[in-house]
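Working notes, structure below.
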Amino acid sequence: MDLERENFNITRLSEFPILSLCQAPNSPSCLYFGEETDVKLFDDRIGKVSTSWNAHASRINSIDFHPENTYMLATSSRDGTACMWDLRTMKKKGAESLVVLEHDRGLQSAYFSPSGHMVATTR
């Protein structure tokens, strides 16, 4: 991508609607997105999805990285949960979240505060 020349790469990631998208803070070539119930990692260096984790029971609505600990991320889902994840310990199958915040209805978003000490959720 070259902003000055207005030259952009176009990549088709999925056949499903993508409702959440977040670039890894320390990896400009890595893009995390929610496809249905999975968090997927698209790596622009290889031009494809390199990793996928089943993270929720329903559609993922948001993904956000911790402002200081960039290996941690928060996701929200239509299943009524917000989860905190440590990318260093996630496995392709059976990924376990560090924390699960449960709500009585689906969540639209979960975002870390600028300090990273709190998580705000919306529904």
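So here's what we get for this one:
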| read-out | value |
| --- | --- |
| Cα-centred dipole magnitude for the chain, charges only on beta-carbon of K, R (+1) and D, E (-1), debye, nearest 20 | 280 debye |
| Segments 77-87, 24-34, 113-123 sorted - mean Cβ within 10 Å per residue, highest first | 77-87, 24-34, 113-123 |
| Relative contact order of the chain, defined on C-alpha pairs under 8 angstrom at six or more residues apart (%) | 17 percent |
| Heavy-atom accessible area per residue - the chain, 1.4 Å, Å² | 63 Å² |
| Top positive-direction residue, dipole computed over the chain with Cβ charges, set HIS56, MET72, HIS103 | HIS56 |
| J(HN,Hα) series, region 28-39, from Karplus relation 6.51 cos²θ - 1.76 cosθ + 1.60, nearest Hz, glycine and proline x | x, 8, 10, 10, 9, 8, x, 10, 6, 9, 9, 9 |
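The values are calculated or read from the model by the stated rules, or taken from the named source; none is laboratory data. Keep in mind it's a predicted model, so treat the numbers as computed, not measured. A quick note on method: Cβ atoms are made from the backbone with ideal geometry, for glycine too, and the neighbour counts reach across all protein chains shown. The accessibility values were calculated without ligands, DNA or RNA, using every heavy atom of the protein model including side chains. Shrake-Rupley method; radii C 1.70, N 1.55, O 1.52, S 1.80 Å.
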